[in-house]
Amino acid sequence: MRSRILESTSTFIIERQIGVLARKILHIITSLDSEGAQILLLNTVSLLNTEKYDIIICFIYGDGSALLDREVRGFKVVDLSNRGKLTPTALFKLIHLIHQEKIDIIHTHLVHGGVLGKLAAKLTRVKHIVTTRHYGYSDKQNSFLYRLEEKLTASCSAVIAISEAVKQYLISRKVVPEEKIVVIHNAVDPALFDPERFYLQTRLRENRFTIGSVGRLHRAKGFNILLKAFHIVSRQISNIELEIVGNGRLRTDLLRQSEELGINDRVKFVGQISQHQVAQRLSEWDLFVMPSLWEGFGIAIIEATAMGKAVVATRVGGIVEVVKDGKTGFLVPPYNPDALAYRIMELLRDNDKRAKMGREGRKLVISDFSLQQAVRRLENVYDSLM
């Protein structure tokens, strides 16, 4: 074993212990903002065996905000942007880094990172390319960039799908042969989202309910449907409030909608917060709601379920692999605020059912969606290639 500090321009300098014969794996992701795929990547590589793997992460734009609330150890992070903005020189910087570090495997994430990373891998003749497909359907799937990313994916040694739904989508699009696809579900560390950790911190409420949701303020997340459902619920249950965690371009539109519905005094847009703060919010909510119109998986559902919260979510994409309808929560059709409102009210009015679903959900996360299990499966993919 040897200890070293790696330095380069625009690089977070991180002390790490690595094995002398460790394989070098370069992860390339679009950004390291505090969003699901980015946080999952950081959590995953933090648990990889450093005697076997020497990890570097590159991101191509953004401020790296996902790094700010954590002590990062075990890997190096390189910012390829120009003060947070995408730059044409990113490809050349990446090629230089690949040669300098003698990379064995390139692992790409998201569309921009996927295109850049796969092009760089081809130009530098890196033998093995792995990509994680963090989404299934997208409303941009027929755009030039998305079609290019899918075309480049065909040459990957392995494609990791975050759900069975994403795997079937890739097969239906004929993006890559089925034998190259490995399903590794998104996962969380149950110890980080443990209701016992927050029990004494949970705010005291008297005869008041709080429901919440987490996600980008993007059309795919269906928050406009949630606001309509909450409007219905609030007419039946007066002592209720809604909190939405996350940022995005639809914030202004959603604020306007809540004002038009007359619920703005009971709806709080929390903005982007750290993973620890998300866990704290979840501990305070009575119910978690995810109204997505399409969804590759829904990692926020796993976080809420690990926290022992019953879930009301839409029957789309990978969500059906996470929420066991009638056991850990309820599934409703997308685009249907009435159905969403009905299930929300049913659970808020039945404390015992809500608590039982929460307990069953946490058991499910521990057995099927723990981060430690996902890391072992990823290591198996790397080992099979090398």
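The values are calculated or read from the model by the stated rules, or taken from the named source; none is laboratory data. Remember, it's a predicted structure, so these values are computed and weren't measured experimentally. Cβ sites come from the backbone with ideal geometry, for glycine too, and all protein chains shown count toward neighbours.
Of all the residues that make up segment 337-359, how many are surrounded by fewer than 17 Cβ atoms within 10 Å (Cβ to Cβ) and under 25 Å from the mean Cα position of the chain (by Cα)?
Residues in segment 337-359 being surrounded by fewer than 17 Cβ atoms within 10 Å (Cβ to Cβ) and under 25 Å from the mean Cα position of the chain (by Cα): 1 in total.
List every residue pair whose Cβ atoms sit under 7 Å apart, with the two residues 6 or more apart in sequence or on different chains, where the first one lies in segment 137-160 and is basic (Lys, Arg) and the second, anywhere, is surrounded by 14 or more Cβ atoms within 10 Å (Cβ to Cβ) and outside any strand (DSSP E or B).
What qualifies is Lys140/Tyr146.
List the strands (runs of 3 or more DSSP E) inside segment 268-334, counting only whole elements, that have at least 1 residues being over 18 Å from Phe223 (Cβ atoms) and modelled with pLDDT of 95 or more.
Strands (runs of 3 or more DSSP E) meeting the threshold: 329-332.
So, in segment 233-260, how many residues would count as being in contact with a strand residue (DSSP E or B) (Cβ under 8 Å, 6 or more places away or on another chain) and part of a helix (DSSP H, G or I)?
Total meeting the criteria: 6.
Among the polar types (S, T, N, Q) and at pLDDT 85 or above - does that describe any residue in segment 35-42?
Yes, the conditions are met somewhere in segment 35-42.
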